[in-house]
1. Once you order the gyration tensor axes a ≥ b ≥ c over the Cα atoms, which shape class does region 69-160 get: rounded for a/c under 1.5, otherwise prolate or oblate by comparing a/b with b/c?
2. Calculated from the structure, Rg and Dmax of the Cα atoms in Å equals which of [x] 23.5, 81; [y] 31.7, 102; [z] 19.6, 59?
3. So which trypsin sites (Lys or Arg not before Pro) in region 253-302 pass both tests, a DSSP loop state and at most 13 other Cβ atoms within 10 Å of the Cβ?
4. Count neighbours as other Cβ atoms within 10 Å of each site's Cβ, and list the GluC sites (Glu not before Pro) in region 1-96 that are DSSP loop with at most 12 such neighbours.
5. Short version: ³J(HN,Hα) in whole Hz for each residue of region 223-229, in order, from phi by Karplus 6.51 cos²θ - 1.76 cosθ + 1.60 (θ = phi - 60°), x for Gly and Pro, what are they?
6. From the phi of every residue in region 79-92, what ³J(HN,Hα) in whole Hz does the Karplus formula 6.51 cos²θ - 1.76 cosθ + 1.60 yield, where θ is phi - 60° and glycine or proline is x?
7. I need the calculated FRET efficiency for the pair Val72 and Ser189, taking r as the beta carbon distance and R₀ as 35 Å, to the nearest 0.05.
Amino acid sequence: MEERHFTVAASGTRLDKLIAEQFPDLSRSRVNKLIKTGDVLVNGTPQKPKYQPQPHEQITIKIPAPQQLDVVPEKIPLEIVYEDDQVIVVNKPQGMVVHPAPGHPNHTLVNALLAHTQLSNINGTFRPGIVHRIDKDTSGLLMVAKTDIAHQSLARQLKEKTSRRRYIALVHGRIHEDQGTIDAPLGRSPKDRKKQAVVKNGRPAVTHFRVLERLGDDYTLVECQLETGRTHQVRVHMQYIQHPLVGDPLYGPHKTIKGNGQFLHAAELGFTHPITGKELDFQSPLPPLFQTTLHNLEKKYQVMNSQEELNHER
C-alpha cells in the first residue's frame with residue numbers, strides 16, 4: 001500500500017480533477033475508483049468525486065499494491081511465419097493483445113508463445129521476447145526474440161531505423177497526393193490519457209505514406225512505412241492529416257464500416273538476422289475481413305463510376 005499526501009492550495013476544483021492534476025501518473029478514472037472505494041480522504045473523511053476541497057485541507061490517497069499477475073503458458077494456435085533458435089516471426093490476428101497487462105492478464109500472444117518456445121528475459125515477466133508491439137485490433141507481422149542476444153540486436157535495429165515495417169491502412173476521405181511524409185511528434189493526449197496526440201514536446205515520429213487505391217471520395221487505401229515506432233503512430237498521424245483509419249474506435253468517426261476495430265495490417269517486416277547477418281523479409285496478405293471489405297468497396301465504386309459515365313453520355 002502506497003500513501004500520498006498534499007495540502008489544498010486553492011478552492012474551486014473538484015476532488016477527482018484536483019488529484020489527477022496533482023499526480024499526472026493517476027488517470028481521472030483511476031482517481032474516481034480510489035475515491036469510491038474509500039481510499040481518498042479529505043481531513044480524514046471520505047468525500048464524493050465532485051466535492052470541492054477548501055484551502056489548507058489535507059488530502060490523503062491510499063494506493064493499493066498492484067495485483068501480481070502470473071504469465072501462464074497457454075495452448076493458443078499461432079500462425080508462425082518463420083522460426084529458428086534465435087527469433088520467431090508470427091502473424092498476429094486482429095483482436096489479440098500482444099502481452100499481459102491490467103485488464104488483459106491472459107489469452108495474449110505472449111501466453112501463446114510461452115507454450116510454444118522459450119523467450120528472451122530482457123523485458124521481464126510480462127513482455128518476454130517482445131521487441132515491438134502492434135495494437136490489439138491491428139493484425140500482421142511481429143518479430144519476437146527467443147534469446148537475449150537476439151533481443152539486443154533487434155532492439156538496436158529498431159532504434160537505428162534499419163528494420164523495415166510496412167502497414168496497409170484503409171482511411172476515410174480521398175487523399176489527393178500520391179505520397180507524402182508526416183513528421184509530427186507524439187505523446188500522451190493532454191485531453192484524454194487513453195489517447196496519443198501530436199504534441200509540441202512529444203517524441204519524434206515519422207510516417208511515410210503512399211496511396212495504393214482511391215475509392216471515390218470516401219475512402220483511400222494507403223501503404224505506410226514507419227521510420228519510428230511510437231504508440232498508435234499510424235492511427236494518430238493519419239487522423240492528424242484528417243484521414244483517420246476506418247473502424248478506429250479511438251481516433252476515427254463513430255459511423256463507419258462495420259469491422260472489429262481499425263483496418264490496419266502490418267503487411268511487411270524486414271530485419272537483419274542477429275547471428276547470421278542475413279537479410280530477412282516477410283510479407284503477410286490482408287486478413288479475410290479486410291480483403292472482403294476492400295472488395296465490396298471496389299465493386300460499389302465501380303458501379304457508381306459506371307452509372308456516372310452512363311449519365312454523362314446521355
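1. Numbers: a/c = 1.40, a/b = 1.29, b/c = 1.09.
Judged from the Cα gyration tensor, region 69-160 comes out rounded (a/c under 1.5).
2. [x]
3. Those satisfying the criteria are Lys255, Lys258, Lys278.
4. On the way: sites: Glu2, Glu3, Glu21, Glu57, Glu74, Glu79, Glu83; in loops: Glu57, Glu74, Glu79.
Listed in order of number, the matching sites are Glu79.
5. 10, 10, 10, 8, 9, 10, x
6. Once rounded to whole Hz, the list reads 9, 8, 8, 7, 7, 9, 7, 10, 9, 9, 10, 10, 9, 7.
7. On the way: r = 34 Å, r/R0 = 0.96.
After rounding, the FRET efficiency stands at 0.55.
Every read-out reported here was derived from the displayed coordinates using simple, explicitly stated rules and does not represent laboratory data. As the structure is a prediction and not an experimental result, all values here were calculated from the model. Heads up, the Cβs are rebuilt from the backbone with ideal geometry, glycines too, and the neighbour counts pull from every protein chain shown.
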